[in-house]
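S.K.: Quick one: the structure is below, and I'll ask about it shortly.
Rule-based calculations on the coordinates, nothing more; no lab input. Owing to the predicted nature of the structure, the values given are computational and were not obtained by experimental measurement. When we count neighbours, we look across all protein chains shown, and the Cβ atoms used for this are built from the backbone with ideal geometry, even at glycine.
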Amino acid sequence: MPDLCQELDLYRQGYRLVAGADEAGRGPLAGPVVVGVVILPLEHSPWLEIVRDSKKMTPHQREQAFAEIQRHTVAVSTGEATAREIDGLGLTRAVHLALTRALQSLPLRPDYLLMDFMHALPEGLPCRALVDGDDSCYSIAAASIAAKVTRDRWMEAADRCFPEYGFARHKGYATQAHLDALHCLGPCPIHRRSFAPLQKRLL
């Protein structure tokens, strides 16, 4: 279970706005990559008990937790990079772009950032990368939920535009149903054409 040890340690060092950041959507064949950023209040509250690594939660649990995050946190935001930007920049730089956008849309500028990944470090902001941070740190876990829920909602909206691909079910991941649809239909505008399964079908 996550805790507030990292945040409290930084608070004792003089940092007052400690944010957590995490991403969702590195692996799918379609849709954006999304980064969530969350600044938590630094006291343990009962609502935090439902916050954990988004990968260990059901969609309903994530939605419930995201509602609490939006209600109780100091600040929360998300940023995204589109499939076209992923194709043009590469995944690592696209994640950095999504993180930059999330930080820019955050109403408060954090003075320290806790991250679950090291490949997209922001400029001019002290940060610490934690192995399995979404499983051990409340700020990162909350950010993982914000990113995952935001991306899932995006893919569900995309399903209404491109219903033949089944995006609402698989969220763009390389399921057999998704691969079969690609084989029959080819890619649509939100597919990542630089990813190997798409490249094979575009030859």
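S.K.: Treat every Asp and Glu Cβ in region 1-69 as -1 and every Lys and Arg Cβ as +1, leave all other atoms uncharged, and give the resulting dipole magnitude about the Cα centre to the nearest 20 debye.
M.R.: Here region 1-69 has a charge dipole of around 180 debye.
S.K.: Charges only on Cβ, +1 for Lys and Arg, -1 for Asp and Glu: so what's the dipole of region 5-202 about the Cα centre, in debye to the nearest 20?
M.R.: 540
S.K.: What's the local net charge at LEU42, with K and R +1, D and E -1, over the other residues with C-beta under 14 Å away?
M.R.: So the surrounding residues net to -3.
S.K.: By count of other Cβ within 10 Å, fewest leading, how are ASP87, ASP3 ordered?
M.R.: By the 10 Å Cβ count, ascending, the order reads ASP3, ASP87.
S.K.: Would you calculate the volume per residue, in Å³, of the smallest convex hull containing every Cα atom of region 105-203?
M.R.: So the per-residue Cα hull volume is 148 Å³.
S.K.: Among VAL149, SER136, PRO110, whose Cα projects farthest towards the positive end of the dipole of the chain, with charges put on the beta-carbon of Lys, Arg (+1) and Asp, Glu (-1)?
M.R.: Among VAL149, SER136, PRO110, the one farthest towards the positive end of the dipole of the chain is VAL149.
S.K.: Right, next: Return the tail of the calculated pair distribution for region 96-154, meaning the percent of Cα-Cα pairs more than 16 Å apart.
M.R.: Here the long-distance tail beyond 16 Å is 47 percent of all Cα pairs in region 96-154.
S.K.: Right, next: Along the charge dipole of region 14-59, pointing to its positive end and built from +1/-1 on Cβ of Lys, Arg, Asp and Glu, which listed residue (PRO59, GLY25, LEU48) has its Cα farthest out?
M.R.: Value: GLY25.
S.K.: Okay, next question. Mind pulling the angle between the C-alpha long axis of helix 138-161 and the longest principal axis of the chain? Nearest 10 degrees, somewhere in 0 to 90.
M.R.: It works out to around 30 degrees.
S.K.: Using bins 5 angstrom wide from zero, how does P(r) for region 1-80 break down, in % of all Cα pairs?
M.R.: So the P(r) values, bin by bin, are 3, 13, 21, 26, 19, 10, 5, 2, 0.
S.K.: Give a residue-ordered list of calculated ³J(HN,Hα) values for region 88-99 (Karplus: 6.51 cos²θ - 1.76 cosθ + 1.60, θ = phi - 60°; whole Hz; x for Gly, Pro).
M.R.: Each residue's phi maps through the Karplus curve to give x, 9, x, 5, 4, 5, 5, 4, 4, 5, 4, 5 Hz.
S.K.: So what is the orientation-averaged projected area of the chain, using the convex hull of its C-alpha atoms, in nm²?
M.R.: Value for the chain: 11.1 nm².
S.K.: Charges only on Cβ, +1 for Lys and Arg, -1 for Asp and Glu: so what's the dipole of region 73-168 about the Cα centre, in debye to the nearest 20?
M.R.: 260
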